[in-house]
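Participant: Would you mind keeping the following structure in view while I ask a few things?
The values are calculated or read from the model by the stated rules, or taken from the named source; none is laboratory data. Source: prediction; values computed, not measured. FYI the Cβ positions are ideal-geometry reconstructions off the backbone, even for glycines, and counts take in every protein chain you see.
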Amino acid sequence: MAGLIVIGLRLLIWLLLSADLETANVAIGLAVALALPLPRRHRQLPVSALGRSLWASLKAIPLAYREALALLIRRPGREVEELQPVEYRPGSPVAALVFLDVFRITITPLTIALGMDGPGRSYRVHRLESHHPLPQEPGR
């Protein structure tokens, strides 16, 4: 079961990177996903943590569109570096959860993950605040 999830995530990443759903591209992506070796050890991934991470990643997609639209309308404001806590226990089988968290953070145009603070307790996130409107042209 875990192997199918890994292959599915690899194929999803391929399709997101290539942005092409033609049959040939899907076949190439599936071939690449199957050709890469699977991890040797599979520790049990908490399904509830995976579900929460998937849901948070899906909710980030509309936020990314909203932030992109805000960038078109207003200029970015000040830069902020903040810590976002990691919701899973360090040392757990978290490779998929780390990927989903970093995806959730970096899909939005105003944020990027800089790394982890300490032994995996929180992400260092660089964020632009978009609260400053564009200056009005003179005479308007």
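Participant: Would you mind stating whether S57 is at pLDDT 80 or above and more than 20 Å from I5 (Cβ to Cβ)?
Facilitator: no
Participant: Among the numbered conditions (1) at pLDDT below 80; (2) part of a helix (DSSP H, G or I), tell me where R52 comes up short.
Facilitator: The number of the failed condition is (1).
Participant: Among L11, L38, L4, L17, which is the only one that is at pLDDT 85 or above and more than 16 Å from V98 (Cβ to Cβ)?
Facilitator: Result: L11 is the single residue among L11, L38, L4, L17 that is at pLDDT 85 or above and more than 16 Å from V98 (Cβ to Cβ).
Participant: Among the listed residues R140, R75, R121, identify the single one that is at pLDDT below 65, of a type in the set (K, R) and over 20 Å from L58 (Cα atoms).
Facilitator: R140
Participant: Could you give me the residue pairs with C-beta distances under 6 Å whose first residue belongs to segment 102-125 and is not assigned by TED's automatic domain parsing to the domain that holds E81, whose second residue is at pLDDT below 80 and not in a strand (DSSP E or B) wherever it lies, and which are 6+ apart or on separate chains?
Facilitator: none
Participant: Right, next: Please work out if S57 is surrounded by 12 or more Cβ atoms within 10 Å (Cβ to Cβ) and among the polar types (S, T, N, Q).
Facilitator: On the way: surrounded by 12 or more Cβ atoms within 10 Å (Cβ to Cβ): yes; among the polar types (S, T, N, Q): yes.
The answer is yes for S57.
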